[in-house]
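S.K.: My questions will all concern the structure given below.
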Amino acid sequence: MSKNKQLRKKLESNSLVKVGGAFDAMSAKLVENAGFDAIWAGSFAISATHALPDASILTMTEFFNVASSMEDACNIPIIADCDTGYGGPSNVSHLVKKYENAGISSICIEDKIFPKQNSLLEGGKNELLPEKEFVAKILAANEAKNDKDFLVIARVEALISDLGMNEAIKRADAYEKAGADAILIHSKQKTPDEIFEFADTWKGSLPIIAIPTTYDSVKISDLSKHKIKMAIYANQTLRASHASMIRLLKEMKNVEKISDVKERMSTMSEIFELQKMYDVKTKEKDIEEELKKLGYVN
């Protein structure tokens, strides 16, 4: 079964799909090894690894290259966070072709204007694109894809923009009619109340996706009770890596010997295991044996 079909089947199942955020191939592989269902190639996290704001500064090609490296390294589906689609319908059509051809299973585009700013930035710019213009992007995405199982996720930012529940529901209806495969509803509230209100009120049939970053005390069981089919842990790996490196560097700068901080680090063997270095040695031995059989080695 293709990764695209795997992701669609998971969304159609009764269990909640858990997606771990990543920012490079290594973090994506760790998400896979931890047992998550899919990987979120998040624009916030990828921007941060370039020490740049999450404000539409990196290009599509830069985001695409990171997502492609995740796809090459992993055996579970990749969901690419593609911000506002890097432009109009023609840009969205181009990105769908690129991402689908690279083996990425899904793209997510949001209905804010370009350039966007991170939705959780205090005082950030969260103006929405007119509904008609975002519908055109969804139509372009569907026309561009070759595999019906490639998922186009429409991210509704009406609650982020303080435009209210009615606007969020109206837009979700429009995006479903345009052919979106799932609706991601985002919130900056500290509780999941408005997410639950949306899920309980909206009459659409598409899977609902949530990102419980600000309302992080919500229970998985409660998300499921409110018909939410996917939870994306979008930036926790980035934040954990950031915090760990800061602690290590502060201590390492002042220690007499590196062994004083070795408990803060993975072992070389653990990294070798992730890199499959031991497989390289095995393959080299296998090739050596084949060369002997062919008479190239005495």
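The values are calculated or read from the model by the stated rules, or taken from the named source; none is laboratory data. Model, not experiment: these values are computed from the prediction. Don't worry about glycine lacking a Cβ; one is built from the backbone with ideal geometry, like all the others, and counts go over all protein chains shown.
S.K.: Condition (residue is exposed (fewer than 11 other Cβ atoms within 10 Å of the Cβ) and not basic (Lys, Arg)) applied to region 222-240: is it met by at least one residue? So that I can check it myself, show each step before the final result.
M.R.: Of all residues in region 222-240, those exposed (fewer than 11 other Cβ atoms within 10 Å of the Cβ) come to none.
Checked against the condition, which is being exposed (fewer than 11 other Cβ atoms within 10 Å of the Cβ) and not basic (Lys, Arg), region 222-240 yields no hits at all.
S.K.: Looking at (1) at pLDDT below 95; (2) on the phi > 0 side of the Ramachandran plot, find the lone condition where Asn14 falls short.
M.R.: (2)
S.K.: So Glu251 clears everything in (1) within 24 Å of His186 (Cα to Cα); (2) modelled with pLDDT under 95 except one condition, right? Which one?
M.R.: If we test Glu251 against (1) within 24 Å of His186 (Cα to Cα); (2) modelled with pLDDT under 95, just (1) comes out false.
S.K.: Scan region 83-117 residue by residue and report those that are assigned to a strand (DSSP E or B) and of a type in the set (Lys, Arg). Full working, then the answer.
M.R.: Start the filter on region 83-117 by keeping residues that are assigned to a strand (DSSP E or B), which leaves 106-110, 112.
The answer is Lys112, and nothing else.
S.K.: Any residue in region 118-131 that is in a helix (DSSP H, G or I), assigned by TED's automatic domain parsing to the domain that holds Lys170 and under 20 Å from Glu176 (Cα atoms)? Break it down stepwise before answering.
M.R.: Residues of region 118-131 that are in a helix (DSSP H, G or I), as a first pass: 131.
Next, from what is left, pick out any that are assigned by TED's automatic domain parsing to the domain that holds Lys170: 131.
After this cut, where a residue has to be under 20 Å from Glu176 (Cα atoms) as well, the list is 131.
For region 118-131, residues in a helix (DSSP H, G or I), assigned by TED's automatic domain parsing to the domain that holds Lys170 and under 20 Å from Glu176 (Cα atoms): present.
S.K.: Shifting gears a bit: Starting from residues that are surrounded by fewer than 22 Cβ atoms within 10 Å (Cβ to Cβ) and not in a loop (DSSP other than H, G, I, E, B), keep the ones in region 28-43 and report whichever is farthest from the chain's Cα centre (by Cα).
M.R.: Here the residue is Asn33.
S.K.: Only one of these is surrounded by 24 or more Cβ atoms within 10 Å (Cβ to Cβ), outside any helix (DSSP H, G or I) and out of contact with any helix residue (DSSP H, G or I) (no Cβ under 8 Å at 6 or more places or on another chain): Ile160, Ile153. Name it. Working first, answer last.
M.R.: Numbers: Ile160 fails: surrounded by 24 or more Cβ atoms within 10 Å (Cβ to Cβ).
Unique residue meeting the criteria: Ile153.
S.K.: So, in region 248-294, of the ones that are basic (Lys, Arg) and in a helix (DSSP H, G or I), which residue ends up nearest to the chain's Cα centre (by Cα)?
M.R.: If we filter region 248-294 for residues that are basic (Lys, Arg), which is where we start, we get 250, 253, 257, 262, 264, 276, 281, 283, 285, 292-293.
Pick out the ones that are also in a helix (DSSP H, G or I) and you get 250, 262, 264, 281, 283, 285, 292-293.
Details: Lys250: 30, Lys262: 31, Arg264: 27, Lys281: 33, Lys283: 33, Lys285: 38, Lys292: 47, Lys293: 47 Å.
Among those that are basic (Lys, Arg) and in a helix (DSSP H, G or I), it is Arg264.
S.K.: Moving on to the next point. Give the number of residues within region 199-217 that are part of a loop (DSSP other than H, G, I, E, B) and either out of contact with any His (no Cβ under 8 Å at 6 or more places or on another chain) or at pLDDT below 95 (or both). Outline the logic, then answer.
M.R.: Of region 199-217, the ones part of a loop (DSSP other than H, G, I, E, B) are 202-207, 211-217.
Remaining after also requiring either out of contact with any His (no Cβ under 8 Å at 6 or more places or on another chain) or at pLDDT below 95 (or both): 202-207, 212-217.
Adding up the residues that qualify gives 12.
S.K.: Taking the condition of a type in the set (Gly, Ala, Ser), surrounded by fewer than 24 Cβ atoms within 10 Å (Cβ to Cβ) and more than 19 Å from the chain's Cα centre (by Cα), does Gly103 pass? Spell out the reasoning first.
M.R.: Working: of a type in the set (Gly, Ala, Ser): yes; surrounded by fewer than 24 Cβ atoms within 10 Å (Cβ to Cβ): yes; more than 19 Å from the chain's Cα centre (by Cα): no.
Spelling it out, it is not the case that Gly103 is of a type in the set (Gly, Ala, Ser), surrounded by fewer than 24 Cβ atoms within 10 Å (Cβ to Cβ) and more than 19 Å from the chain's Cα centre (by Cα).
S.K.: Listed residues Ala174, Ala180; which is crowded, with 19+ Cβ neighbours inside 10 Å, assigned by TED's automatic domain parsing to the domain that holds His94 and in contact (Cβ under 8 Å) with a residue 12 or more places away in the chain? Full working, then the answer.
M.R.: Working: Ala174 fails: crowded, with 19+ Cβ neighbours inside 10 Å.
Exactly one residue qualifies, and that residue is Ala180.
S.K.: More than 15 Å from Phe44 (Cα to Cα), in a helix (DSSP H, G or I), in the same structural domain as Ile160 (by TED's automatic domain parsing) and at pLDDT 95 or above: does that describe Ser224?
M.R.: On the way: more than 15 Å from Phe44 (Cα to Cα): yes; in a helix (DSSP H, G or I): yes; in the same structural domain as Ile160 (by TED's automatic domain parsing): yes; at pLDDT 95 or above: yes.
Criteria met by Ser224.
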